[in-house]
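A short worksheet on the structure shown next.
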Amino acid sequence: MLKIKQYYKALFMAALFCFTQPSVAEQFQNFDNLEVHYIALPSTFLQPDIAKKYNIKRSQYNGLINISVLDKRNNAKAVSAELSGSGKNLLGQNEALKFQEIKEGDSIYYIADYPFLNEEIVNFNIIIKTQNKTNLLKFQHKFYTD
């Protein structure tokens, strides 16, 4: 369990501050002109000062979704988008996601929190609207408590 936690911490920090770097290995999905990077993890993996800075509730039952939208035609430059969506567990319980946009230098990413139970599997459906197009990002994640 400790190795999993260390892996997620490293992956999240890389995703949180380096999404515009194409060499970072994280989950992503390609659309026509976009590359969308995403990660889901427990909020307790964040350091308290980072969570406070972005107004993220740290709890063993609170997950964090982090998404970055990159323009493939423009050297993977981060682009602004409008995100909405939800997470649905296997019991059919649906939770709306409320994304906040974070800009740091040339990086733009979107975060939302999600409540979960231990070993809960969640299917996420996220609508990504950019100037030219609307895309649907779908992924599944299994959350673990500390």
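The conditions are (1) part of a loop (DSSP other than H, G, I, E, B); (2) among the polar types (S, T, N, Q); (3) in contact with a Leu (Cβ under 9 Å, 6 or more places away or on another chain), and SER84 fails exactly one of them. Which is it?
(1) is the only condition that SER84 fails.
Got a sec? Which of ILE56, ILE65, ILE39 is in a loop (DSSP other than H, G, I, E, B) and either crowded, with 17+ Cβ neighbours inside 10 Å or in contact with a strand residue (DSSP E or B) (Cβ under 7 Å, 6 or more places away or on another chain) (or both)?
ILE56
Would you be able to tell me the number of residues in segment 84-131 that are within 17 Å of the chain's Cα centre (by Cα), within 23 Å of ASP71 (Cα to Cα) and small (Gly, Ala, Ser)?
Final tally of qualifying residues: 4.
For residues that are within 19 Å of ILE56 (Cβ to Cβ) and in contact (Cβ under 8 Å) with a residue 40 or more places away in the chain, tally how many sit in segment 88-116.
Result for segment 88-116: 13.
Search segment 70-106 for residues being modelled with pLDDT of 95 or more, over 21 Å from LYS133 (Cβ atoms) and of a type in the set (Gly, Ala, Ser), and hand back the single one that is surrounded by the fewest Cβ atoms within 10 Å (Cβ to Cβ).
Taking the candidates together, the pick is GLY92.
If you scan segment 50-69, which residues turn out to be modelled with pLDDT of 95 or more and over 21 Å from LEU117 (Cα atoms)?
Result: ILE67, SER68, VAL69.
Which of the residues belonging to segment 81-93 are at positive phi and touching a strand residue (DSSP E or B) at 6+ places or on another chain (Cβ under 9 Å)?
Residue satisfying the conditions is GLY85 alone.
Can you tell me which condition ALA112 does not meet? The list is (1) of a type in the set (A, V, I, L, M); (2) farther than 30 Å from ASN75 by Cα; (3) assigned to a strand (DSSP E or B), and all the others hold.
Going through (1) of a type in the set (A, V, I, L, M); (2) farther than 30 Å from ASN75 by Cα; (3) assigned to a strand (DSSP E or B) one by one, ALA112 breaks only (2).
Across segment 114-133, which residue is surrounded by the fewest Cβ atoms within 10 Å (Cβ to Cβ) among those that are at pLDDT 95 or above and not hydrophobic (A, V, I, L, M, F, W, C)?
GLU119
Of the conditions (1) assigned to a strand (DSSP E or B); (2) touching a helix residue (DSSP H, G or I) at 6+ places or on another chain (Cβ under 9 Å); (3) among the charged types (D, E, K, R), GLU95 fails just one. Which one is it?
Status for GLU95: all satisfied but (2).
Can you report the number of residues in segment 70-80 which are under 23 Å from ASP113 (Cβ atoms) and either out of contact with any strand residue (DSSP E or B) (no Cβ under 9 Å at 6 or more places or on another chain) or of a type in the set (S, T, N, Q) (or both)?
Qualifying residue count for the region: 1.
Got a number for residues in segment 134-146 being at pLDDT 95 or above and charged (D, E, K, R)?
Residues in segment 134-146 being at pLDDT 95 or above and charged (D, E, K, R): 2 in total.
Hey, among the residues in segment 14-36 that are aliphatic (A, V, I, L, M), in contact with a helix residue (DSSP H, G or I) (Cβ under 9 Å, 6 or more places away or on another chain) and modelled with pLDDT under 50, which one's surrounded by the most Cβ atoms within 10 Å (Cβ to Cβ)?
VAL24
The values are calculated or read from the model by the stated rules, or taken from the named source; none is laboratory data. Quick caveat: nothing in here was measured; it's all calculated off a predicted structure. Note that we place each Cβ from the backbone using ideal geometry, even for glycine, and neighbour counts take in every protein chain shown.
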